[in-house]
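Data first, discussion second: the structure below is written as structure tokens.
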Amino acid sequence: MFNKQKKFEEAVLSGEYSNDDIEYSSYYKDSFKRLKKNRMAMVCAIVIILLVIIAVFAPVLAPYDPDVQDYANILKSPTKAHLLGTDEYGRDILSRIIYGTRVSLSVGLLAQALATVIGVTLGALAAYYGGWVDTVISRITEIFAAFPDLIFAMGIMFVIGPGIKNIFIALGLLTWVRTARMIRGQILQLKEKEYVEAAKASGATAFHTITKHLIPNCISTVIVLVTLGIPNAIMYEASLSFLGLGIQPPTASWGSMISSAQPFISYLPTYSIFPGIAIMITVIAFNIFGDGLRDALDPKMKN
Amino acid sequence: MSENLLEVKNLKTYFFTDGGVVKSVDDVSFNVKPGKTLGVVGESGCGKSITSLSIMQLVETPPGKIVDGEIIYNGENLLGKDKDEMRKIRGGEIAMIFQEPMTSLNPVFTVGQQIMEALMIHTDMDKTKAKERAIEMLKLVRIPLAEKRFNEYPHQLSGGMRQRVMIAMALSCNPKLLICDEPTTALDVTIQAQILDLINELKEKLGTSIMMITHDLGVIAEVADDVMVMYAGKIVEYGTADQIFETPMHPYTHGLMNCIPKLNDDNETRLHVIPGMVPSPDRMPKGCAFCPRCSEAKKICEEKMPELIEIDGQKVRCFKYTSEWEEAK
Amino acid sequence: MLSYILKRLAQTVLVLFGITLITFILLNVVPGDPVAMMLDKRADEATIEKVRHEMGLDVPLPEQYINFVKGAVRLDFGKSYFTKENVMDALVRSFKVTVKLAAMSFIFACVIGLTCGMIAAVYRGKWIDSLLMTLSMVGVSAPSFWIAIILQIVIGLKLDLLPISGFDGPLNYILPSIALGTRYAGSIARITRTSMLDVIKQDYIRTARSKGVKEFLVIMKHALKNAMIPIVTLVGTELGYMLTGSMLIEKVFAIPGIGKLAVDGMMNRDLPLLQGTVVYIALVFVIVNLVVDISYAFIDPRIRYGKGGE
């Protein structure tokens, strides 16, 4: 990576390199090319694809049923039969981690879907109409943003009860604020552009202007927000489950696995280590890929 | 000591970017004589600023890099100096003022602090002396209420005032060479004249050599002894101010001359512009870089780059003055 | 400045009303009766009524809320339904623990985060930049409770260097502080780098270099002060989070801080305890934000003098 610059310089000076070899292309092609050049981001993209495959084909890939208890094999260290060992009910830890991928990815995705729907709608409405609509929506976002996230999520979980569906709702309600703020800011800028004025002047309805002219221009922002929001949601899910407010047993979730592993840290430390590694890999992959995506879609933001 | 304060020889500064290589300064040679002013003219993007930043060795590396050449100051090659030696030259021997007075001063320090800083680096003054000298400098550049301004922050001053502060700061350590990179471009016309007068006056008073970079031949006419015209990273014409204004040779110089509105023009005359734009630096034409915009271009201009030739002490890069011109179609 | 602070404090009172009202309403719509939860199932009607009366739950809801507000202005949040401890006492007791943990993790996060961020910015594109940014990415991506467990396993159990639970001596706080601070250190490092790189591109940095200022001072004096505003904003929010207690870290290390109080309040439907905690949390954030805003004025003269000049 650091030698690349040097090689480039040498190639120019020796006359091997010419700018005539560069091709020019459209915004998205350019962005994709920039993304492809970012090797870390590409590695993370592959990791994400692998995670999705693991989640989809969990029943095929998992060596054991994740919920089947085997009291003959309780809290075993990793062996050939159980690659990552077994838990306090004799369940296979590897299989539970594989099934946990399903929980984490679907929570991340669905919570972000909900957050995006709420955030884009409210953000677009606030920016488009301005005035009291903007004031009301902005005050609501402020109240939501004022509270410590985890306590807020706990509060919602407490009110609506635990369970995977409620986690989607709680995390969606928690994370839409950022989307709304970004979209509001961007649409405020877009609103000033000529083509939007033109659309309005030619009698387009508000709905038409928002959905056909304004939101499509925020797509890259939304893509980046969703990609960077997923790891956030995954982290919250893990934390809630660790506190016992998230996914309920016996469903396998990485956070609750670490929670149940905690009493056994001296007896079987690997039990608590492996699910954490799974969380970390997933979150890092989405974070780095999201950063890469942002840099590729908006080269001005690149450092 | 040679007769020149600064001799730049075959300087090449390239930028190595994702979009390809940009030859911002490509084989440029020139001299600055003691106590004289060299004017460097050209449109934006022609490599004037990068030339000056190369002398100061302030080119952002990477992506930029001085790949070849010599910068000889007072008989010593600056490119051979280490970081610390170079640091002492910057601000002490060679000072610089920039185009944007609004953003060139640090917003979180007072004007006084910023002038004193340069003094305390390059001289052995203590705080009290540095403060005295700083206020003296503020008075020298004719800032009213210098003592009060000393304690103010840049945002409390107007653009012209800030540029005066920049000049005071640059000259505070008695540099032998002052590089002015478009010092008046961002200012109102009346302020422009004041700043130019001030620079001229201080040059006489302090004997400083000046390298004046601008896109405005009008500014050059006011201050320069020698003139260098740059286009797309190369010198296209180089001579004394008299030569350039009386016998401009390169079609580009002609073009620039015509861009200056003249007082005796009647209202019907439209302002001249050079058609087209400077070619994108990473997409240079094969031949003469000015060829696509040149009204006199022949086929030969598209095919190869003319050399810089000297005619009666005036240098020009154009086929018009070569034997090849007559033969060419 | 004083009128600004007073205005902010007035806003705070409104926010506090809003938050406590929401908490009050939420807890009353959630099914389940705190009195029934407290008492045995065998308790007869009369006993329940008696306890209700003692707890002030036999009056209409609006009156209950007004009674709460009357107490709250005297810093009296009543007694915990569950432990019968005075809520204010419980808050003070937990705060003493939380503030120690917060102070240590805050120092840890700031020192590590700022140093790494600045080094990465100065050596941008070099191997050390990549290394530090990878580490900070790991820091922000690993769950804090998991880092806590890893620290317990490696440093507490395998190496036997530090205690893995308890909250008596300063040694007890080292592992929790690192576990809590790592994530914040990572994000401070990242924002420091970004902000510094932003500032290093500015014209006045070039001016400083053209004056012959030493590169070290260009970074530490000219760049850092200008880069501080986004950093201070983040650091302030993080201090707020630390002072309101980390339920996760407190759970792993069995530390009875504010986080535990919040969890207990919620789990036991202990309205007085929960209200007390909520008011405390809101106050912490208001104060932290106020301090952050005031610090802007110290950092940037343009804020101090209003948007004067041009």
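Taken together, the values in this text are just the output of simple stated rules run on the coordinates, not laboratory data. Just so it is clear, the structure is predicted and the values come from calculations on it, not from any experiment. Positions of Cβ are generated from backbone atoms using ideal geometry, with glycine treated the same way; all protein chains shown enter the neighbour counts.
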Say the dipole of the stretch A:35-130 comes from +1 at the beta carbon of Lys and Arg and -1 at that of Asp and Glu; which of A:Val107, A:Thr121, A:Tyr71 then lies farthest toward its positive end? A:Thr121
Once the Cβ-Cβ distance between A:Ile219 and C:Leu217 is put in as r, and R0 is 41 Å, what FRET efficiency do you end up with, to the nearest 0.05? 0.40
Pairwise Cα inverse-distance average, inverted: Kirkwood Rh of the protein assembly as shown (Å): 32.8
Per-residue ellipticity at 222 nm attributable to helices in the protein assembly as shown (runs of n ≥ 4 DSSP H, -39500 (n - 2.57) apiece, nearest 500 deg cm²/dmol) works out to -18500 deg cm²/dmol
With labels modelled as points extended 7 Å from the Cα through the Cβ direction, what inter-label distance (nm, one decimal) is found for C:Val69 paired with B:Asp188? 5.6
Everything considered on the Cα gyration tensor (a ≥ b ≥ c; rounded for a/c under 1.5, else prolate if a/b is larger than b/c, else oblate), the stretch B:111-196 must be described as oblate
Quick one: Karplus J couplings for the stretch B:65-79, per residue in order, coefficients 6.51, -1.76, 1.60, θ = phi - 60°, nearest Hz, x for Gly and Pro? 7, 7, 8, 7, x, 9, 10, 9, 10, 6, x, 10, 7, 5, 5
Against the longest principal axis of chain B, how steep is helix B:111-122, in degrees 0 to 90 to the nearest 10, with axes from Cα atoms? 80
Helix A:164-190 vs. chain A, principal-axis angle (Cα, 0 to 90°, nearest 10): 20
P(r) tail fraction, chain B - alpha-carbon pairs more than 26 Å apart, %: 51
Just flag the trypsin sites (Lys or Arg not before Pro) in the stretch B:297-326 sitting in loop per DSSP whose Cβ has no more than 13 other Cβ atoms within 10 Å. B:Lys304
Among C:Arg304, B:Arg133, what is the fewest-to-most ranking by other Cβ atoms within 10 Å? C:Arg304, B:Arg133
Could you tell me which GluC sites (Glu not before Pro) in the stretch B:15-77 are loop residues by DSSP with no more than 13 other beta carbons within 10 angstrom of their beta carbon? B:Glu60
Prolate/oblate/rounded label for the stretch C:219-298 (Cα gyration tensor, a/c 1.5): oblate
Which whole number gives the average, over all residues in A:148-156, of C-beta atoms from other chains lying within 10 Å of the residue C-beta? 5
Fewest-first sequence of C:Ile219, C:Ile258 by Cβ atoms within 10 Å of each Cβ: C:Ile219, C:Ile258
List the DSSP H helices in chain C whose Cα atoms stretch 20 Å or more along the helix axis and whose mean Kyte-Doolittle hydropathy is at least -1.0. C:2-29, C:87-122, C:127-141, C:174-200, C:224-243, C:271-299
Whole-angstrom Cα spans of chain A along principal axes, big to small: 74, 65, 31
Given an 8 Å cut-off on Cα distances and at least 6 residues of separation, report the relative contact order of chain A as a percent. 23
Please list, or write none, the lysines whose alpha carbon is within less than 19 Å of the alpha carbon of B:Lys139, excluding same-chain residues fewer than 8 places away. B:Lys127, B:Lys129, B:Lys131, B:Lys148, B:Lys203, B:Lys205
Between the stretch C:282-305 and the stretch B:20-67, the Cα center-to-center distance that results, in Å: 44
Roughly how big is the stretch C:89-259's charge dipole about its Cα centre, with Cβ charges of +1 (Lys, Arg) and -1 (Asp, Glu), in debye to the nearest 20? 660
Calculated FRET value between B:Cys259 and B:Glu296, using beta carbons and R₀ = 22 Å, to 0.05: 0.80
Ellipsoid equivalent to the stretch C:89-259 - semi-axes via the Cα gyration tensor, in Å: 35, 18, 12
So, R0 is 45 Å and r is the distance between the beta-carbons of C:Lys96 and C:Glu45; what FRET efficiency does that work out to, to 0.05? 0.60
When B:Leu187, A:Leu109 are ranked with the fewest other C-beta atoms within 10 Å first, the list becomes A:Leu109, B:Leu187
Which three numbers, in whole Å and largest first, are the semi-axes of the equivalent ellipsoid of the stretch A:95-225 derived from its Cα gyration tensor as √(5λ)? 33, 17, 10
Computed on Cα atoms only, the convex hull of chain C has an orientation-averaged projected area in nm² of 21.6
Given pairs A:Lys29/A:Lys193; A:Lys29/C:Lys201; B:Lys315/C:Lys201; B:Lys9/C:Lys214 and cut-off 32 Å on Cα-Cα distance, the over-length ones are B:Lys315/C:Lys201
Calculated Rg and Dmax of the stretch B:4-110 using C-alpha coordinates, Å: 14.5, 42
Can you tell which of C:Val199, C:Ile231, C:Ile107 lies farthest toward the positive end of the dipole of the stretch C:89-259, using +1 and -1 charges on the Cβ of basic and acidic side chains (Lys, Arg; Asp, Glu)? C:Val199
